[in-house]
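One structure below.
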Amino acid sequence: MSDNLQKALPCGCLVDTHRDFLGRVVGTIVTRGEQCPRTEHASGQVVIMPGREHARPE
Ligand SMILES: [Zn+2]
């Protein structure tokens, strides 16, 4: 997969994904979802992407 993809989180936020220095996929919040309940999902914040598909390759 590409290391730079825009993805929508389940909460509605749009993030730019990339890998951090540990190989995890993280997302930088681009647009906050209108229904998003997470206060940490402010524009410019970096969050670790959830889910098995984003796990570090073995
Ligand atoms: Zn959110």
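Pull up segment 3-15, narrow it to residues that are open to solvent by 60 Å² or more (accessible area, probe 1.4 Å) and more than 9 Å from the chain's Cα centre (by Cα), then point me to the one that is farthest from the ligand (Cβ to nearest atom).
Asp3
In segment 16-52, how many residues are in a loop (DSSP other than H, G, I, E, B), surrounded by 13 or more Cβ atoms within 10 Å (Cβ to Cβ) and within 9 Å of the ligand (Cβ to nearest atom)?
Qualifying residue count for the region: 5.
The values are calculated or read from the model by the stated rules, or taken from the named source; none is laboratory data. This structure is a prediction, so every number in the text was calculated from the model and none was measured. Cβ: placed from backbone, ideal geometry, glycine included. Neighbour counts: every protein chain shown. Protein only, heavy atoms only, side chains kept; ligands, DNA and RNA dropped before computing areas. Shrake-Rupley method; radii C 1.70, N 1.55, O 1.52, S 1.80 Å.
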